[in-house]
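Structure first, then comments.
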Amino acid sequence: MPGDPNPSSLSRDHFVELLELCEDVLHYKRVLVCFDKANIHPRHGIARALNCVGFNVLPPDSFPAFLNKNTLFSMVYEL
């Protein structure tokens with residue numbers, strides 16, 4: 001990840017760099033972010049900010065098999 005690896009200090013610019021790296025260098029098709037459901041409100045804070053830049057809530061029936069849809073809140077960004 002570009003910049004400081006501590007997620008609490010990730011700046012907007014570093015986040016954009018990370019998305020560009022995923023698309024241009026790693027050739028990913030999507031970026032998936034996951035949060036512990038117990039520690040996040042889907043309409044406030046980081047979830048709302050991610051929604052504003054194009055992330056969408058990942059429906060539980062679209063979760064990859066290795067993720068626990070009962071404990072995780074996930075969002076996806078299509079590159």
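Whether any residue in the stretch 62-79 is surrounded by 11 or more Cβ atoms within 10 Å (Cβ to Cβ), under 24 Å from ARG12 (Cα atoms) and touching a residue at least 60 places away in the same chain (Cβ under 8 Å) is what I want to check.
Within the stretch 62-79, one or more residues are surrounded by 11 or more Cβ atoms within 10 Å (Cβ to Cβ), under 24 Å from ARG12 (Cα atoms) and touching a residue at least 60 places away in the same chain (Cβ under 8 Å).
Inside the stretch 44-76, can you point out the residues that are small (Gly, Ala, Ser) and not in a helix (DSSP H, G or I)?
Listed by number, the residues that qualify are GLY54, ALA65, SER74.
Those residues that are assigned to a helix (DSSP H, G or I) and either surrounded by 15 or more Cβ atoms within 10 Å (Cβ to Cβ) or touching an Asp or Glu at 6+ places or on another chain (Cβ under 8 Å) (or both), I need them from the stretch 29-43; list them, please.
LYS37
Of all residues being over 10 Å from the mean Cα position of the chain (by Cα) and aromatic (Phe, Trp, Tyr) in the stretch 29-72, which is nearest to VAL16 (Cα to Cα)? Just the residue, please.
Step by step, filter the stretch 29-72, then rank; the result is PHE63.
No value in this document is a laboratory result; all are computed from the given coordinates. As the structure is a prediction and not an experimental result, all values here were calculated from the model. Backbone-built Cβ (ideal geometry, glycine too); neighbour counts: all protein chains shown.
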